[in-house]
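Asks: What follows is a structure written as structure tokens; I'll ask about it next.
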Amino acid sequence: MSSALNVVFMGTPEFAVRPLEAIVAAGHRVVGVYTQPDRPVGRGLDLRPSAVKKRALELGLSIHQPERLSLPGEFEKLQALAPDVIVVVAYGQILRTNVLQLPRLGCVNIHSSLLPRWRGAAPIQWAILGGDAESGVTTMKLVEKLDAGDILLQARTPISSEDTAGTLHDRLMQMGADLIVPTLQGLAEGSLRGEVQDESQVTYAAKLSKEMEWLDSAQTAEVLDRRVRALNPWPGTSVWLGGNRLKVKRARLRRDISGQKGKVYERAGMLLLGTESGALELLSVQWDGKKEVDSAGFLNGLKGRGQALPLESDQKADGPLNEEKK
């Protein structure tokens with residue numbers, strides 16, 4: 001292609017794989033792929049390469065895995081690649097000023113939100129937690145301040161009542177891949193200048209923690225439904241019943257059912273969690289150490305153990321999720 005660029009790509013997880021493939025398919029010269037070092041996983045602590053490294057190997061690309069880009073000699077190695085642009089997608093390291101200023105077209109990031117909304121570590125999950133009607137991806141110029149660079153291009157997608165963090169992640173992953181190619185083309189042609197972010201509209205997506213999994217029936221069923229979907233697959237959501245953790249894998253909002261706040265109960269064959277307003281229908285659940293079952297399987301299991309509903313839910317949610325809008 002006439003506007004082919006020398007691209008250094010920096011990324012680590014699965015979310016970054018599709019954009020890398022798109023850049024290669026568009027005919028740009030990927031002169032180097034930077035990704036996090038192989039990490040030990042599992043009981044055997046076997047070293048596992050990142051998703052980006054696996055795909056880069058398949059594509060025959062040059063791979064670089066410095067523990068830190070700031071280590072002596074690393075900037076010189078990057079400089080020797082003479083990139084026109086550096087594309088960064090969930091790399092996992094902060095880029096210093098010397099790196100940001102190295103390529104003539106700058107450093108470009110794919111961020112999985114409609115900036116300036118949801119800057120930070122977990123924008124996909126917080127878009128659902130916040131009850132947003134839509135999400136999307138943004139390509140932007142990287143600057144030293146977190147997710148604060150000029151917006152280059154954006155693409156939008158509705159958030160449905162069925163979307164989980166997992167389904168939205170996969171959709172945004174492809175949208176990011178589709179957006180990076182016209183972004184690079186616009187930069188190469190000089191037609192894409194960028195738009196300054198409106199700082200008055202900034203919101204932040206705090207990092208998720210395991211402690212966020214607990215469902216608090218003092219919140220509304222609408223809020224709890226968003227939590228079940230937003231925290232799927234990680235950290236998941238649970239209620240505490242009779243001294244045991246019950247993981248809630250899938251649920252459905254039932255605004256038309258009320259009563260029995262704080263209890264897990266059965267009505268018309270449905271397994272329900274009563275809340276401050278409305279109910280949460282528990283479609284798929286899992287006791288610790290047991291298999292995931294649907295509501296019918298759960299109810300049959302209770303009968304087999306000589307237990308009966310309703311059961312009191314006695315675990316309250318902690319942390320920043322209590323601050324989300326209701």
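The values are calculated or read from the model by the stated rules, or taken from the named source; none is laboratory data. Fair warning: this is a prediction, and the values are worked out from it, not measured in the lab. Please note: Cβ atoms are built from the backbone with ideal geometry, for glycine as well, and neighbour counts cover all protein chains shown. Keep in mind that these areas ignore ligands, DNA and RNA; they rest on the heavy atoms of the full protein, side chains included. Shrake-Rupley method; radii C 1.70, N 1.55, O 1.52, S 1.80 Å.
Asks: Just name one of Gly301, Leu253, Val17: the one whose Cα is farthest towards the positive end of the charge dipole of the chain (beta-carbon charges, Lys/Arg +1, Asp/Glu -1).
Replies: Gly301
Asks: Would you pull out the residues with amide H under 5 Å of Trp214's amide H, same chain only if 5 or more places away, H placed 1.01 Å from N?
Replies: Here the answer is Ser238, Asp318, since their amide H atoms fall under 5 Å of that of Trp214.
Asks: At 1.567 mPa s and 4 °C, plugging the Kirkwood radius over alpha-carbon pairs of the range 1-114 into Stokes-Einstein gives what diffusion coefficient in µm²/s?
Replies: Stokes-Einstein gives a translational diffusion coefficient of 89 µm²/s.
Asks: Can you list, largest first and rounded to whole Å, the semi-axes you get for the chain by taking the square root of 5 times each eigenvalue of its Cα gyration tensor?
Replies: Values: eigenvalues 384, 92, 52 Å².
With the √(5λ) rule applied to the chain, the semi-axes are 44, 21, 16 Å.
Asks: In addition: Could you calculate the FRET efficiency of Glu211 with Leu59 from 1/(1 + (r/R0)^6), where r is the beta carbon distance between them and R0 is 41 Å, rounded to 0.05? Could the numbers behind the result be given before it?
Replies: Values: r = 39 Å, r/R0 = 0.96.
The value I calculate is 0.55.
Asks: Continuing with this model, one more query. Can you give the accessible area per residue of the chain, in Å², using a 1.4 Å probe?
Replies: Accessible area per residue, the chain: 47 Å².
Asks: What's the carbon and sulfur percent of the chain's accessible surface, probe 1.4 angstrom, rounded to a whole number? Each step should come with its number before you reach the end.
Replies: Values: 7520 of 15390 Å².
Carbon and sulfur together cover 49 percent of it.
Asks: Pulled fully out, how much extra length does the chain show between Gln307 and Ser200, if you take 0.36 nm times their separation in residues and subtract their Cα-Cα distance?
Replies: 33.2 nm
Asks: Okay, moving on. Pick from Leu45, Leu115, Leu168: which is most flexible by mean-square fluctuation in a GNM of the chain where alpha carbon atoms under 10 Å apart are linked?
Replies: Leu45
Asks: Which of the trypsin sites (Lys or Arg not before Pro) found in the range 121-202 are in a DSSP loop and have at most 14 neighbouring Cβ atoms, other than their own, within 10 Å? Write out the running numbers ahead of the final one.
Replies: Working: sites: Lys141, Lys145, Arg156, Arg171, Arg193; in loops: Lys145, Arg193.
Those satisfying the criteria are Lys145, Arg193.
Asks: With a Förster radius of 51 Å, plug the Cβ-Cβ distance of Arg245 and Leu71 into 1/(1 + (r/R0)^6) and report the FRET value to the nearest 0.05.
Replies: According to the calculation, E is roughly 0.75.
Asks: In the full protein assembly as shown, how much of Met270 is accessible to a 1.4 Å probe, in Å² to the nearest 10?
Replies: 30 Å²
Asks: Enter the angle in degrees (range 0 to 90, nearest 10) between the Cα long axis of helix 295-304 and the first principal axis of the Cα atoms of the chain, meaning the one along which they spread out most.
Replies: The angle comes out near 50 degrees.
Asks: Just need the relative contact order of the chain here, percent rounded to a whole number, with Cα pairs under 8 Å and 6+ apart.
Replies: The normalised contact order for the chain reaches 14 percent.
Asks: Return one number: the angle in degrees, 0 to 90 and rounded to the nearest 10, between the long axis of the Cα atoms of helix 165-189 and the longest principal axis of the Cα atoms of the chain.
Replies: Compared with the principal axis, the helix lies near 20 degrees.
Asks: Continuing with this model, one more query. If you take the charge dipole of the chain about its Cα centre, with +1 on Lys and Arg Cβ and -1 on Asp and Glu Cβ, which of Leu280, Leu192, Tyr204 is farthest toward its positive end?
Replies: Toward the positive end, the furthest listed residue is Leu280.
Asks: Still on this structure: Note the full-extension length gain between Ala218 and Ala121 as 0.36 nm times their separation in residues minus their Cα-Cα distance, in nm to one decimal.
Replies: Numbers: separation 97, 0.36 × 97 = 34.92 nm, distance 2.72 nm.
Length gained, Ala218 through Ala121: 32.2 nm.
Asks: Tell me which of Asn98, Val137, Gly42 sits at the most positive position along the dipole axis of the chain, charges placed on C-beta atoms (Lys, Arg +1; Asp, Glu -1).
Replies: Positive-end residue among those listed: Gly42.
Asks: Here's something else I'd like to know. Going down the list Lys210/Lys290; Lys210/Lys261; Lys141/Lys210; Lys263/Lys291; Lys141/Lys249; Lys207/Lys290, which pairs span over 27 Å between their C-alpha atoms?
Replies: Lys141/Lys210; Lys141/Lys249; Lys207/Lys290
Asks: If you don't mind, another one. Obtain the nm distance between the two label points defined at Lys291 and Ser161 by a simple spin-label model: each point lies 7 Å from its Cα along the Cα-to-C-beta direction.
Replies: Result: 3.1 nm between the two label points.
Asks: Taking H placed 1.01 Å from N in the peptide plane, check which residues at least 5 places from Trp118 or on another chain put their amide H under 5 Å from its amide H.
Replies: Here the answer is Thr203, Tyr204, since their amide H atoms fall under 5 Å of that of Trp118.
Asks: Moving on. Give, rounded to the nearest 20 debye, the magnitude of the charge dipole that the range 117-196 has about its Cα centre when Lys and Arg contribute +1 at Cβ and Asp and Glu contribute -1 at Cβ.
Replies: 200 debye
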